[in-house]
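The values are calculated or read from the model by the stated rules, or taken from the named source; none is laboratory data. Just so we're clear, the structure is a prediction, and the values are computed from it rather than from any experiment. Because the Cβ atoms are built from the backbone with ideal geometry, glycine has one as well, and the counts that use them run over all protein chains shown. Calculation scope for accessible area: heavy atoms of the full protein, side chains included, ligands and nucleic acids excluded. Shrake-Rupley method; radii C 1.70, N 1.55, O 1.52, S 1.80 Å.
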Protein chains: 4
Amino acid sequence: MRDVQSENDKRGLMINEVGISDLYLPIFISDKKNKKQQIVAKIKASVKLPSNQRGTHMSRFIEVIKNHQKFNFNNKKISKLMKEIRDKLHAECASLQLDFTYFINKKSPISNKSFLMDYQCKIKATISENNTIKKELEVEVPISSVCPCSKIISKDGAHNQRGLVKINVNTSAFVWIETLINIAEISASGVLYPILKREDEKYVTEKMFANPKFVEDIVRDIALQLKKDKKIESFEVECTNYESIHNHNAYAKIKS
Amino acid sequence: MRDVQSENDKRGLMINEVGISDLYLPIFISDKKNKKQQIVAKIKASVKLPSNQRGTHMSRFIEVIKNHQKFNFNNKKISKLMKEIRDKLHAECASLQLDFTYFINKKSPISNKSFLMDYQCKIKATISENNTIKKELEVEVPISSVCPCSKIISKDGAHNQRGLVKINVNTSAFVWIETLINIAEISASGVLYPILKREDEKYVTEKMFANPKFVEDIVRDIALQLKKDKKIESFEVECTNYESIHNHNAYAKIKS
Amino acid sequence: MRDVQSENDKRGLMINEVGISDLYLPIFISDKKNKKQQIVAKIKASVKLPSNQRGTHMSRFIEVIKNHQKFNFNNKKISKLMKEIRDKLHAECASLQLDFTYFINKKSPISNKSFLMDYQCKIKATISENNTIKKELEVEVPISSVCPCSKIISKDGAHNQRGLVKINVNTSAFVWIETLINIAEISASGVLYPILKREDEKYVTEKMFANPKFVEDIVRDIALQLKKDKKIESFEVECTNYESIHNHNAYAKIKS
Amino acid sequence: MRDVQSENDKRGLMINEVGISDLYLPIFISDKKNKKQQIVAKIKASVKLPSNQRGTHMSRFIEVIKNHQKFNFNNKKISKLMKEIRDKLHAECASLQLDFTYFINKKSPISNKSFLMDYQCKIKATISENNTIKKELEVEVPISSVCPCSKIISKDGAHNQRGLVKINVNTSAFVWIETLINIAEISASGVLYPILKREDEKYVTEKMFANPKFVEDIVRDIALQLKKDKKIESFEVECTNYESIHNHNAYAKIKS
């Protein structure tokens, strides 16, 4: 059967990324506490296509990913997988992106009841001609914010709301998801929990009202923490507050 | 050219709904204040298919809708459109659903600054064999809720958050979107506004803290209002609070 | 601390459903081939609230679900969990809904290469006053359809596209997800695969072109199969084709 | 009342973007054929915040946008609006993003029946310290693709499917949405239409089967066209095919 993909292309245009997207798969990734955690990943994988080749071979992406599906997608394994994609597709560069929900066991502050809480994460890795592997880790952390302006001007209360912090870091080392979640949570007015009894709810409410913060405060406090971590080469931090007095959101972003 | 759709079907199965979905279109609907409002609707239209016919004629749905696109989709026009779909498709029953964002001018409570606020709405109409037209109107109203439990047990503050009320009513008369929005807003802890200056923010914050409500309170207070309206034949009301202390939501639902 | 939720309510309105939604959790469910499969579920759980009680106790839902998180959510376990929710919340009725991605190992037709394919599923269970447990299973199956009209009138080719079949069944017995997926796949023009080599692609293309079907054909053929299964008490089947010649979709629905 | 936002900040961190997001609004934009078109825009607006200021004044964004809501958001108006945001917020830089559905009247190729078709678009404008305004225009164009490999190896037919082209261009001049849509449509296997009669369906089917293209072919042919347009300073073009034989997608991307 004719291999149309391998035929010569005369348009003279290199393609930066060609591959597959929206492939869903259960895989394992490194977990700080329990060694590994099974996740359901949405996968995007691509290679660079030279200008003289008409098409890539899409089924080979699946074959390489299949060979790794049962392993732990830790730092070492991702590097190995990246190289295999590049080699099997005869490409110079390759990239791989995983989007998934990650779970962490979290204890309520007073009653000490623990349960799992979900965080949306993204890992992106790219390997280039010179064998360098670059990694990007993104974590979305739901937080609460109490408005400092509303608190000062109102006789009683202050509008507060759920917000979402997004931290994206570039690194050639390894950064734990848990590290970024912790930085986001200590920088907000309050932390969200999977389970709270009444004594916890009292504690959590009082703590966040003692700690009012604008979106601007939250991204600045997170940026200060991220700057201290030498493993983080560059970062972008964003906070979006789902205002309880408006139907639009307040947001802020700092890039390093 | 052969008309495969019109061929005879021997499987003996009537099809309840067959037609088109996810058709986007700018149309006009009735607006309480300004007579009509231009919206962008996501349209679903269908007919009942008798057991002996293989298929419907999809392009005719578009042709009928096209003939009405410039008119105001008020009560009378929807009835006319429903009948045309049914007739042009040689069907016994037809149904039409419009999902759209509706805008209302809203004034801030103290500074009187007004601007548009968006509400997600759905209108569904069905016409049956006996020419009866039934209508369903659904309105999603963002609101704020202050937790009564958190307020009583905490020394300072109370967790509050954005929530979403969904009211769905069945009627053979005409019910204004504005009526349902108003019922939702007066039944919550607080109302959301497109624009608030500092004096408004103070007022809105203090008002919602003086009016703490659970999701249970909100759906009950709305249901009490809906029961009084004789045009509403039956209803379903739902409230979802995007808790500022949890990553999951609290919700409640009452069906009449 | 005062228990505001337990206080008396004078509005005289029962609440049909009150509880939590959008709780994400890794759990196990029954898998036909491998006994159990770990999934990430989006959970909604609720109880009926009597008219004289102001609120439910949201944290108890989490506590009951926590006790079951490590077990296999098979038929027996769900029944047990439903009863526990009802009892712990002092309610007459309770309901539980799980939305999740389920994976099945699937072999390509010629090269016999197997890999996992994803299906979106929903399980809903309700327990009522008389201890009866009703179950609803919904499976979304991506399929392909070749248009019979386009095939007959065109000199070459026929427009074909990805479509999505949704089968929802009510049962008091147990129905495998695998059974519903199989019924959907044998009733479409073609089946989707996670991995296909060239010899498979040739086979799959020729097979779907030998089997052109409208949305109407697909829902009818599925309905005929579902009617034969005595475990299925009632069903609803829907097919949406993402037409490759239009930006809107074609859809059809049969209710038993 | 105290103006907390204007207070001094000692963390020494500039904020790249701070403002509002997810504000929905009906506005007007330039339309090549009809001068202007009313759209519903999702708006994001932000300014740069100097390191010594604690917060921005969120309500002012709404006030400036309100002043422009009734005008046509053409090239000139956007520039004026950008400057007003920057001035009213006492900022050095500002940015504005509009996401919206745009409609174009489209004629079927044989029967000449015309109707509106929807395209998802994004306009982003930024104004910097030196008064330079940069614009980004993004258009998503649904297309159809017929697989060249499947066509050559199969005795009958070829798998085809809906795909989505995304073209993003940077310009300091003005580029019509219509120009980018046209480039995408002439570069795919086939064009999508709002309404097609049988004679059109025959024509469209035969035309796309005479023109099989991979995602790689589509992005390359679009890139060749974009390179010719001198108004376009840089671009990124992406194509995602919703494969009718897989549940994952094929995609390709070229950056200029």
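Scanning the stretch D:86-104 for residues that are buried (at least 17 other Cβ atoms within 10 Å of the Cβ) and farther than 27 Å from B:Q38 by Cα yields D:R86, D:L89, D:A91, D:C93, D:A94, D:S95.
Under the condition of being in contact (Cβ under 8 Å) with a residue 40 or more places away in the chain and within 12 Å of chain C (Cβ to nearest Cβ), the residues counted in the stretch A:32-67 number 10. Within the stretch D:1-22, residues that are of a type in the set (K, R) sit with their Cβ atoms under 6 Å from residues that are buried (at least 18 other Cβ atoms within 10 Å of the Cβ), at 6+ positions apart or across chains, in these pairs: D:R11/A:R220. Among the residues of the stretch C:117-124, are any under 20 Å from the mean Cα position of the chain (by Cα), open to solvent by 30 Å² or more (accessible area, probe 1.4 Å), at the interface with chain A (Cβ under 10 Å from one of its Cβ atoms) and more than 30 Å from A:L196 (Cβ to Cβ)? Scanning the stretch C:117-124, I find at least one residue that is under 20 Å from the mean Cα position of the chain (by Cα), open to solvent by 30 Å² or more (accessible area, probe 1.4 Å), at the interface with chain A (Cβ under 10 Å from one of its Cβ atoms) and more than 30 Å from A:L196 (Cβ to Cβ), so the answer is yes. With respect to (1) more than 16 Å from the chain's Cα centre (by Cα); (2) surrounded by fewer than 21 Cβ atoms within 10 Å (Cβ to Cβ), the lone exception for B:K42 is condition (1). It is to be established whether one or more residues within the stretch C:161-184 are polar (S, T, N, Q), open to solvent by 10 Å² or more (accessible area, probe 1.4 Å) and more than 26 Å from the chain's Cα centre (by Cα). No, every residue in the stretch C:161-184 fails to be polar (S, T, N, Q), open to solvent by 10 Å² or more (accessible area, probe 1.4 Å) and more than 26 Å from the chain's Cα centre (by Cα). Among the conditions (1) within 10 Å of another protein chain (Cβ to nearest Cβ); (2) among the aliphatic types (A, V, I, L, M); (3) touching a residue at least 60 places away in the same chain (Cβ under 8 Å), the only one that A:A252 does not satisfy is (3).
Output yes when any residue across the stretch B:105-113 is among the aliphatic types (A, V, I, L, M) and either within 24 Å of the chain's Cα centre (by Cα) or surrounded by 19 or more Cβ atoms within 10 Å (Cβ to Cβ) (or both), and no when none is. No: zero hits. Only one residue in D:K155, D:K197 is open to solvent by 10 Å² or more (accessible area, probe 1.4 Å), touching a Lys or Arg at 6+ places or on another chain (Cβ under 7 Å), within 14 Å of chain C (Cβ to nearest Cβ) and farther than 15 Å from D:Y102 by Cβ, so which one is that? None of the others qualify; the one that does is D:K197. Criterion applied to B:D221, B:D156, B:D217, B:D229 was being acidic (D, E) and farther than 25 Å from B:S256 by Cβ, and the one residue passing it is B:D156.
Among the candidates B:N112, B:N131, the residue that is on the phi > 0 side of the Ramachandran plot and at pLDDT below 95 is uniquely B:N131. Taking every residue in the stretch D:215-228 that is at the interface with chain A (Cβ under 7 Å from one of its Cβ atoms) and pairing it with any residue that is open to solvent by 10 Å² or more (accessible area, probe 1.4 Å) and assigned to a helix (DSSP H, G or I), at least 6 positions away or on another chain, the pairs with Cβ-Cβ distances below 9 Å are D:E216/A:Q5. Scanning the stretch A:1-12 for residues that are more than 11 Å from chain C (Cβ to nearest Cβ) and of a type in the set (D, E), we see that the one that is farthest from A:H57 (Cα to Cα) is A:D9.
On the basis of being in a loop (DSSP other than H, G, I, E, B) and in contact (Cβ under 8 Å) with a residue 60 or more places away in the chain, does A:L116 make the cut? Here the answer is no, as A:L116 does not meet what is asked.
The one condition from (1) among the acidic types (D, E); (2) surrounded by fewer than 19 Cβ atoms within 10 Å (Cβ to Cβ); (3) touching a strand residue (DSSP E or B) at 6+ places or on another chain (Cβ under 6 Å) that B:E236 does not meet is (2). Contact map, the stretch B:79-95: residues that are free of Cβ contacts under 8 Å to residues at least 60 places away in the same chain paired with residues that are open to solvent by 10 Å² or more (accessible area, probe 1.4 Å) and assigned to a helix (DSSP H, G or I), Cβ distance under 6 Å, separation 6+ or inter-chain. Pairs shown: B:K88/B:R60; B:L89/B:R60; B:A94/B:R86. Here A:E129 meets each of (1) more than 14 Å from chain B (Cβ to nearest Cβ); (2) part of a loop (DSSP other than H, G, I, E, B); (3) open to solvent by less than 40 Å² (accessible area, probe 1.4 Å) with one exception, condition (3). Is it the case, given these coordinates, that C:I143 is within 14 Å of another protein chain (Cβ to nearest Cβ) and either more than 21 Å from the chain's Cα centre (by Cα) or surrounded by fewer than 20 Cβ atoms within 10 Å (Cβ to Cβ) (or both)? So C:I143 does not fit the description; no.
Being on the phi < 0 side of the Ramachandran plot, free of Cβ contacts under 8 Å to residues at least 60 places away in the same chain and of a type outside the set (F, W, Y) is true for just one of A:I245, A:I183. Which residue is that? Before you say what the answer is, go through the steps one by one.
Details: A:I245 fails: free of Cβ contacts under 8 Å to residues at least 60 places away in the same chain.
Checking each option against the conditions leaves just A:I183.
With respect to the stated conditions, B:Q69 fails to be at pLDDT below 95 and either closer than 20 Å to C:T240 by Cα or crowded, with 22+ Cβ neighbours inside 10 Å (or both). What residue, among those in the stretch A:13-26 that are within 10 Å of chain C (Cβ to nearest Cβ) and crowded, with 19+ Cβ neighbours inside 10 Å, is nearest to C:I39 (Cα to Cα)? Residue satisfying both the conditions and the ranking: A:P26.
Being over 20 Å from D:H246 (Cβ atoms) and touching a Gly at 6+ places or on another chain (Cβ under 7 Å) is a property that A:S51 has.
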